[in-house]
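Report on the following structure.
Just so you know, all these numbers are worked out from the coordinates, no wet-lab data involved. Nothing here was measured: the structure is a model prediction, and the numbers come from that model. Using ideal geometry, Cβ is built from the backbone for each residue, glycine included, and neighbour counts are taken over all protein chains shown.
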Amino acid sequence: MIDVSLTLPFTLGIVTAINPCGFAMLPTWLGYFLGRDSADSQARPEQVLRGLSVSLVLTAAFVMVFGALGLAVNTVVSEEAVATRTPWVTVVLGVVFVPYGLLQLTGRQVRIPYFKPSRGPSSREIFSVLGFGASYAVVSIGCSAPIFLLHVADSFSRDGIVDGIAIYLAFAAGMAAVVTSLTLSLAIARGGLVRRLRRLLPYFERITALALTLGGAYLIVYGVYEIRILRNPRAPSNPIVDAVGDLQSHLTNWAAHVGGLRLGLALWLVVVTLVAWGLGPALVGKARKWMYMVVAGVWVVTEGLIHRGDLLVLPVGRLISNWPGRVGGWFDNPGRWATPLEALLTITFLLVAFALIYGTISDRRR
């Protein structure tokens, strides 16, 4: 029987996905996936399964590295020894990402083993996703390892094997909630855009190249900054690191204000809904009916009975109704931390709306 609260490790998993050290890795991963997804010609179920599978593989690699770290710290090395070496790994990863991204920006096809695009989650692609997840974990160690070791890794000796496994899985579920919801949403949006506007396809590779270049550059800057701090704790701050850290801290505070458990449930509800919508065409008869009934039941219980509409429906409604005011705030206070995120979301929404309208008109003309 599990006698511990899983809310804290679940929340820690969510926060770890946007930790200050590895903050650049999440958009870098999304950009890589956006540019390298080659499942556009496949049916919707295959696209959804691919997005779901690579998300879970990435999360599994992340939590396995952290689990191995917890085992190593308890048996082989000290936490301090790990912390002094990870900034150098961060710099090395940045040095790898930057030239790779720059070469892609020039339009060259870079052939690197295990980073080669393929159709579906083949074994070669799985290795590239595992590498991304492991890299994500390594650069996150400096910020997230102390909390992980205290609240998750030590749970095995503190609470026992059964409770320790439950805590570890809750941490993984929180991490997966962020990564899976974002990746799956991106996969569906990309597939819809490309089906409607094939001319957009070449731009996706430029987006991934830019994401890799900027992400790699930030990893170099952050890694060098960490090395300087380790050598001299009084070293001056870095304006780039401070700006990104400020954005990350605002997101973390927002997640804490919303509540980790509520945010995680909302993200998993989105994932379940997207998976059901994606797999619908592959099922027939009673199988499809039962799947839709289960998803509807999940919505009724979580959104209706437990949260009274305040999990997703009401917050999204308030967000949409307040959006014109937020857009006006871009000009009144352009330095506000949420401005770049809101602008990106607005552009994405307008692009998707344009693709749907344009595609519908084109289909009718045919």
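Taking each DSSP H run with n ≥ 4 as -39500 (n - 2.57) and averaging over every residue of the chain yields -26500 deg cm²/dmol at 222 nm.
Taking only the C-alpha atoms of region 196-318, Rg followed by Dmax gives 21.8, 67 Å. Each part reduced to its alpha carbon centroid, region 316-362 and region 64-90 end up 41 Å apart. Sorting the segments 88-97, 230-239, 69-78 by their residues' average number of neighbouring beta-carbon atoms within 10 angstrom, most packed first, yields 88-97, 69-78, 230-239. Which of these values of mean projected area of the Cα convex hull in nm² was calculated from the structure shown: (1) 19.3; (2) 21.8; (3) 24.2? So the structure-derived entry is (2).
Positive-end ranking of G94, G325, F156 along the dipole of the chain, with charges on Cβ about the Cα centre, is headed by G325. When a/c reaches 1.5 or more, the comparison of a/b and b/c decides; with that in mind, is region 253-366 rounded, prolate or oblate per its Cα gyration tensor? Oblate is the answer for region 253-366, as a/c is 1.5 or above yet b/c matches or exceeds a/b. Go through L345, V57, Y222 and say which Cα lies farthest out towards the positive end of the charge dipole of the chain; charges sit on Cβ, +1 for Lys and Arg, -1 for Asp and Glu. The Cα lying farthest towards the positive end belongs to L345.
About the centre of its Cα atoms, the chain shows a dipole size close to 1660 debye [charges on the beta carbon of Lys, Arg (+1) and Asp, Glu (-1) only; nearest 20 debye]. Sorting 345-355, 327-337 by their mean Cβ neighbour count within 10 Å, with the most densely packed peptide first, gives 345-355, 327-337.
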